[in-house]
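Presented below is the structure to which this report refers.
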């Protein structure tokens with residue numbers, strides 16, 4: 001008797017969870033029983049017939065991974081690129097070398113996967129910031145990442 005497996009296609013999960021290690025696959029059998037299988041024990045997976053593979057992303061915690069900011073050093077503007085594991089709003093705060101918050105950027109509609117925010121090199125009142133070292137903090141809920149960038153005018 002063939003068992004139809006209802007699960008989130010784990011290859012998509014692996015590609016979107018770059019900051020996590022996934023070590024098991026949870027399989028829901030026809031009788032409703034859930035079984036966790038260690039990925040190290042799986043040799044091959046074949047899908048003969050899948051009738052449903054729908055599962056919401058609460059499997060993953062809200063995670064954000066900074067990919068990079070480019071260009072760095074920047075002459076005037078830089079793009080901060082990042083990946084998120086769940087659809088969410090993201091906030092980026094820019095700080096000067098003294099720790100003063102000089103600009104807050106917000107993106108309310110981030111999709112799962114790669115996203116970006118552009119910083120135009122202006123402070124909160126629209127003035128060009130001087131050349132120097134700046135730090136950015138990217139926040140998604142309680143998950144925070146930071147990076148360093150240089151403005152060279």
Right, residue 60: at pLDDT 90 or above and either in contact with a helix residue (DSSP H, G or I) (Cβ under 8 Å, 6 or more places away or on another chain) or assigned by TED's automatic domain parsing to the domain that holds residue 147 (or both) or not? no
Does residue 142 meet the test of being modelled with pLDDT under 85, more than 18 Å from residue 65 (Cβ to Cβ) and out of contact with any helix residue (DSSP H, G or I) (no Cβ under 9 Å at 6 or more places or on another chain)? no
Scan segment 75-103 residue by residue and report those that are under 17 Å from residue 150 (Cα atoms) and in a strand (DSSP E or B). 78, 79, 80, 81, 92, 93, 94, 95, 101, 102, 103
Could you list, in sequence order, all residues of segment 111-148 that are farther than 24 Å from residue 85 by Cβ and surrounded by 15 or more Cβ atoms within 10 Å (Cβ to Cβ)? 121, 122, 123, 129, 134
Residue ID - farthest from residue 86 (Cα to Cα), chosen from residues in segment 99-110 that are under 19 Å from the mean Cα position of the chain (by Cα) and surrounded by 12 or more Cβ atoms within 10 Å (Cβ to Cβ): 105
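The values are calculated or read from the model by the stated rules, or taken from the named source; none is laboratory data. All of these numbers come straight from a predicted model, not from anything done at the bench. All Cβ positions, glycine included, derive from the backbone under ideal geometry; neighbour counts span all protein chains shown.
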